[in-house]
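Enquirer: Got a structure for you, questions after.
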Amino acid sequence: MRKLCYLLKRALFRMSPRAAEKLNIDFRLRAANRQFLEQSVFGYINRMAGEAPGTIKTLFVGVDKHNWHYPRLLKTEFHSLDIEARKAVYGQPGRHWTGSATSMAGHYGGNAFDVVVANGLLGFGIDEAQGCRHLLENCEAVLKPGGLLVLGYNDRSDRVPYAVLPMALGLFDEFTPPIAEVAGALHRVDDSFQHVYLFLTKRRPAVPSDAAPPADARLPVAAGPAAGFR
């Protein structure tokens, strides 16, 4: 019965993704790391969106049937990209780009997004340290100052045989989001995948000590990513 239900949902999606969306159809994974992302992390992003004075722009890197429903979970302007052209069907019309995450800054330009979520890329397409470095550089480029990067990956030597955190801290600052179960910038999910989420913020330009703060400044730097949402 479960398989039949799944096949019917897939058939409806193939006929009309928008109709399937209106019927709230999804193909979500029930893994603990996905539940943490969809409930805890997205809940935090939605709280930020509710407090922000303007629209929050979110970029999700890598789309497929298992995260196709994410725009319905987030109260943000949702954009996505994937290197495979066939995955474009899972993106939002007018807000999806077919291209590589390691060159996305050339497409989006600088300071374009408030939040970037890159989950499950390392070890699944981006397999070497150089590729990870290029991914981080492009994420840093497209984020607004103070913007949030959520980087998720399986912290196993057979998937990611290099140290991600030192590489990331060459470009970003660590950030501990106010999520109940999170105690630091690197959060480990208790599952067989050894999945971790790394929370980072884009550094703000240095301000001369004698410079006056901008008139429209609302939050101090210590307020975290939300301080960068304008």
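None of the figures in this text is laboratory data; all of them are computed from the coordinates on show. This structure is a prediction, so every number in the text was calculated from the model and none was measured. We place every Cβ from the backbone using ideal geometry, glycine too, and count neighbours over all the protein chains shown.
Enquirer: Could you please rank Phe60, Phe124, placing first whichever residue has the fewest other Cβ atoms within 10 Å of its Cβ?
Expert: Ranked by crowding around the Cβ, least crowded first: Phe124, Phe60.
Enquirer: Counting only pairs 8 or more residues apart or on different chains, how many lysine pairs in segment 31-204 have their Cα atoms under 26 Å apart?
Expert: Total qualifying Lys-Lys pairs in segment 31-204 comes to 11.
Enquirer: Taking 0.36 nm per intervening residue step and subtracting the Cα-Cα distance, what contour gain separates Ala85 from Gln35 on full extension?
Expert: Computed gain between Ala85 and Gln35 is 15.3 nm.
Enquirer: Now for a different question. In whole Hz and in residue order, list the ³J(HN,Hα) couplings for segment 130-147 that follow from phi through the Karplus curve 6.51 cos²θ - 1.76 cosθ + 1.60, θ = phi - 60°; x for Gly and Pro.
Expert: Working through the residues one at a time gives 4, x, 4, 4, 5, 4, 4, 4, 6, 4, 4, 5, 7, 6, 6, x, x, x Hz.
Enquirer: For Ser157, Ser40, Ser103, Ser80, which order do you get if you count the other beta carbons within 10 Å of each Cβ and list the fewest first?
Expert: The fewest-first ordering by Cβ neighbours comes to Ser157, Ser103, Ser40, Ser80.
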